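Q: Let me begin by handing over the structure; questions about it come next.
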Amino acid sequence: MQEERQMDETTTADEGGEFDPKAASRLLETTKRRAQRQFEFPSVLLTLIQAGALLAAYGAIWLSVRGQNPYSGPSGAALVELYVFVAVASVAVGLEARRARAGVSRRASRHEWTRAVPFVAAFLSVYVLMGALRFDGFSYAIVYGIMPAAGPLIVVGAATAGYAAAREDWQLLGFAVAAIAVGAGSAFAGPAGVWGITGVSLCAVLVCRAIVQVWQRRA
Amino acid sequence: MTGAATATDALDPLIHVPARLRIVATLAVLPDGDALSFTRLQNMIGLTPGNLITHLRKLEEAGYLKTEKTGNGVASRTSVALSNRGRKALDSYTAALRDLLAGL
């Protein structure tokens, strides 16, 4: 840092001064890495907060439904806990997005909200499908157990995977495909077990994502 | 002229200055077309406003940057974006730097 500041002061005063190519290469890499870290979204911390919030939210539901026979759904307290953790994670996402994008103006900012359309449509479709399944006579355990735990992961994961592939964001694509796999695989655990398996698996996927982010920073 | 000076002749003199290299490298991290406010750029680079303006002006004159001022008076805001020409210049500079270091 001290070295960079000294170099700036020297060259501002006298631009004809020698600037060693090795020092230039180091400065270029350091600056890029530092800028990437400052614009990074989500940050490693946010990914870990999301992992903790998901584990707590899905864990609360699992604790309230485990051992139910027949399945009667989560308790009101577990649902309140779920919404509290979702709210905490949403606030953290909002604050982090504000930090990363402070001072950055996007070319297509007027139409940026349209990016949310596929995600909202995919999310809402799960609840429409739940209504249709209940209407068609499917059991309470499938409609209110397996569907709300696994459904959003599969459809929102698919929407995210399409978005990530279009932007060539391979890290996000890997995360989205992992979320789809968690959603589809956890359904085998039944209406109560699906909540526990989904919570633990999603937490593990997010922790892996945080590790990849740290590794990319150091590479 | 020394050997080292001859070798560095291959490097774009507009970018081969620490402060300007940091400006261009920082802006290059943003996606194409995105702009950064003068205030945040200054915070990230750590130069005085006067120094930063001087360097930005040189880069803008070369067509490496585009600056845009919006609003009036105290509400005015200046944003800076790397142009396509600036992005290509940084790519060429990076390639030249790599060649130069490989030959050392």
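What follows draws every value from the coordinates through simple rules; no lab data is involved. None of these values were measured; they are calculated from a predicted model. We place every Cβ from the backbone using ideal geometry, glycine too, and count neighbours over all the protein chains shown.
Q: In degrees between 0 and 90, to the nearest 10, how far off the longest principal axis of chain B does helix B:49-61 point, with axes built from Cα atoms?
A: 70 degrees
Q: Then there is this: Over the residues of region A:29-185, compute the C-alpha Rg and express it relative to 2.2 N^0.38 Å.
A: Values: Rg = 18.3 Å, N = 157, 2.2 N^0.38 = 15.0 Å.
Scaled against compact globular proteins, the figure is 1.22.
Q: Given an 8 Å cut-off on Cα distances and at least 6 residues of separation, report the relative contact order of chain A as a percent. Mind showing how you got there, number by number?
A: Working: 211 pairs, mean separation 58.2, N = 219.
After rounding, I find 27 percent.
Q: Only counting other Cβ atoms within 10 Å, I'd like A:Asp136, B:Asp12, B:Asp99 sorted with the fewest neighbours first. Don't skip to the end; give the middle numbers.
A: Working: A:Asp136 8, B:Asp12 18, B:Asp99 13.
Going from sparsest to densest Cβ surroundings: A:Asp136, B:Asp99, B:Asp12.
Q: Over region A:24-111, what portion of Cα pair distances is larger than 20 Å, expressed as a whole percent?
A: Values: 2160 of 3828 pairs.
Taking all Cα-Cα pairs of region A:24-111, the fraction more than 20 Å apart is 56 percent.
Q: Quick one: helix A:170-186 against the long Cα principal axis of chain A, what's the angle to the nearest 10°, folded into 0 to 90?
A: Once rounded, one gets 10 degrees.
Q: Sort all Cα-Cα distances of region A:126-173 into consecutive 10 angstrom bins from zero, then give the percent of pairs in each bin up to the one containing the longest distance.
A: The distribution over region A:126-173 is 27, 36, 22, 14, 1, given as percents.
Q: Would you mind computing, in nm to one decimal, how far apart the modelled labels at A:Tyr163 and A:Asp20 are, each placed 7 Å from Cα along Cα→Cβ?
A: Simple spin-label model gives 4.6 nm for this pair.
Q: Using a 10 Å cut-off on Cβ to Cβ distances, tally the other chain neighbours for every residue of B:28-40 and report the average as a whole number. Provide the component values of the computation, followed by the final result.
A: Details: counts 4, 10, 5, 5, 1, 4, 8, 5, 6, 4, 1, 2, 6.
Going residue by residue through B:28-40 and averaging, the value is 5.
Q: Still on this structure, please answer the following. Taking neighbour Cβ counts within 10 Å as the exposure measure, how do A:Arg115, A:Arg37 sort from fewest upward? Provide the component values of the computation, followed by the final result.
A: Details: A:Arg115 10, A:Arg37 14.
Placing the least packed residue first, the sequence is A:Arg115, A:Arg37.
Q: Looking only at other chains, what is the average number of their beta-carbon atoms within 10 angstrom of each beta-carbon in A:38-50?
A: So the per-residue partner count for this stretch is 1.
Q: Could you give P(r) for chain B, binned at 10 Å from zero, as whole percent values over all Cα-Cα pairs?
A: Calculated P(r), rounded to whole percents: 14, 45, 28, 11, 3, 0.
Q: OK, next. How about region B:38-104: which chymotrypsin sites (Phe, Trp or Tyr not before Pro) there lie in a loop by DSSP and see at most 16 other Cβ atoms within 10 Å?
A: Values: sites: B:Phe38, B:Tyr64, B:Tyr93; in loops: B:Tyr64.
Loop-located and lightly packed - none at all.
Q: Suppose R0 equals 51 Å. What FRET efficiency, 1/(1 + (r/R0)^6) with r the Cβ-Cβ distance, do B:Glu60 and A:Val91 give to the nearest 0.05?
A: Details: r = 39 Å, r/R0 = 0.77.
Computed FRET efficiency for B:Glu60 and A:Val91 comes out at 0.85.
Q: Considering chain A as a Gaussian network with a 10 Å cut-off on Cα pairs, which listed residue, A:Thr160, A:Thr198, A:Thr30, attains the greatest mean-square fluctuation?
A: In the Gaussian network model the winner is A:Thr30.
Q: What is the mean projected area of the alpha carbon convex hull for the protein assembly as shown, to one decimal in square nanometres? Write out the running numbers ahead of the final one.
A: Working: hull surface 83.1 nm².
Mean projected area of the Cα convex hull: 20.8 nm².
Q: Here's another thing I want to ask about it. Roughly how far apart, in whole Å, are the Cα centres of region B:86-104 and region A:141-219?
A: 40 Å
Q: Now for a separate question. Calculate, for A:Gln216 and B:Ser92, the FRET efficiency according to 1/(1 + (r/R0)^6) with r their C-beta to C-beta distance and R0 22 Å; round to the nearest 0.05.
A: On the way: r = 26 Å, r/R0 = 1.17.
The value I calculate is 0.30.
Q: Separate question: Going by how many other Cβ atoms sit within 10 Å of their own, how do A:Leu45, A:Leu63, B:Leu41, B:Leu14 line up, fewest first? Walk me through the intermediate numbers first.
A: Numbers: A:Leu45 12, A:Leu63 15, B:Leu41 22, B:Leu14 19.
The most exposed by this proxy come first: A:Leu45, A:Leu63, B:Leu14, B:Leu41.
Q: Could you work out which residue, out of A:Val200, A:Val177, A:Val117, moves most in a Gaussian network model of chain A, that is, has the largest mean-square fluctuation with Cα springs under 10 Å?
A: In the Gaussian network model the winner is A:Val117.
Q: How far is helix A:190-218 tilted, in degrees, relative to the longest principal axis of the Cα atoms in chain A, given as a value from 0 to 90 rounded to the nearest 10?
A: 10 degrees
Q: Based on the Cα gyration tensor of region A:44-89, what are the three equivalent ellipsoid semi-axes, each the root of five times an eigenvalue, rounded to whole Å and given largest first?
A: Working: eigenvalues 115, 22, 5 Å².
With the √(5λ) rule applied to region A:44-89, the semi-axes are 24, 11, 5 Å.
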